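The values are calculated or read from the model by the stated rules, or taken from the named source; none is laboratory data. Only a predicted model underlies this, so the values are computations on that prediction, with no experimental measurement involved. Cβ: placed from backbone, ideal geometry, glycine included. Neighbour counts: every protein chain shown.
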């Protein structure tokens, strides 16, 4: 197994620009569209289990056919796994 994807957090300038110009809800969704490739696995991490931007990305990742792995500290009912 080869891992050659960057973390979404590794693109501070992109993340900051998107949040400043649009909103924080879709920041990870946009990175899925831009960097996602066939066969990718989406890893969602949330300490509260209620991070709306992570949950939105989870919904989109599922719609894109990505495999999902969630690591919430608390599993909220609204995680779409």
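Below are the figures for this structure:
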{"quantity": "Sole residue being modelled with pLDDT under 80 and surrounded by fewer than 18 Cβ atoms within 10 Å (Cβ to Cβ), chosen from 9, 33", "calculated": "9"}
{"quantity": "Subset tally (residues that are within 22 Å of residue 19 (Cβ to Cβ) and modelled with pLDDT under 85) for region 54-77", "calculated": "1"}
